[in-house]
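S.K.: My questions will all concern the structure given below.
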Amino acid sequence: MTDDTEVFNAADPAAVDKKTRKADRVENRRLAAFKTVMASREGRRYVWWLLEQTGVFRSSFTGNSTTFFNEGQRNVGLMLVADINAAAPELYIVMLDEAKDDSNV
């Protein structure tokens, strides 16, 4: 049986650099994909819906254990907000304006 797992040596600067560069490439691709979503009105409408569903704009406190579930959902929403700020902060205001317009329909 062969093991295809590469051993990572955290004491090796070259190995750390290689792993860091790979992680940066993966993150850049992820944020580029998210920016593509935010570039369309339909994508922003969906992201806004997700933000509403995750409870980012409301309190998660219920006074019972449901608070823990709500905080988990809210944490996902906060990660989404962080992605907006990293990938397309200029489109956040556009999304807010569109959501306001959509609510008046």
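The values are calculated or read from the model by the stated rules, or taken from the named source; none is laboratory data. Small disclaimer: the values here were computed from a predicted structure and weren't measured. Here the Cβ positions follow ideal geometry from the backbone for every residue, glycine too, while neighbour counts run over all protein chains shown.
S.K.: Answer yes if at least one residue in the stretch 75-83 is of a type in the set (Asp, Glu) and either surrounded by fewer than 11 Cβ atoms within 10 Å (Cβ to Cβ) or within 14 Å of the chain's Cα centre (by Cα) (or both), and no otherwise.
M.R.: yes
S.K.: Going through ALA99, ALA87 one at a time, which residue ends up being under 27 Å from ASN28 (Cβ atoms) and surrounded by 12 or more Cβ atoms within 10 Å (Cβ to Cβ)? Show your work before the answer.
M.R.: Details: ALA99 fails: under 27 Å from ASN28 (Cβ atoms).
ALA87 is the lone residue from the list that is under 27 Å from ASN28 (Cβ atoms) and surrounded by 12 or more Cβ atoms within 10 Å (Cβ to Cβ).
S.K.: If you check every pair at least six apart or on different chains, which have Cβ atoms under 6 Å apart with a residue in the stretch 45-71 that is closer than 25 Å to PRO89 by Cβ and among the hydroxyl-bearing types (Ser, Thr, Tyr) first and a residue that is at pLDDT 95 or above and assigned to a helix (DSSP H, G or I) second?
M.R.: THR54/GLN73; THR54/ARG74; THR54/VAL76; THR54/GLY77; SER60/THR67; SER60/ASN70; SER60/GLU71; SER60/ARG74
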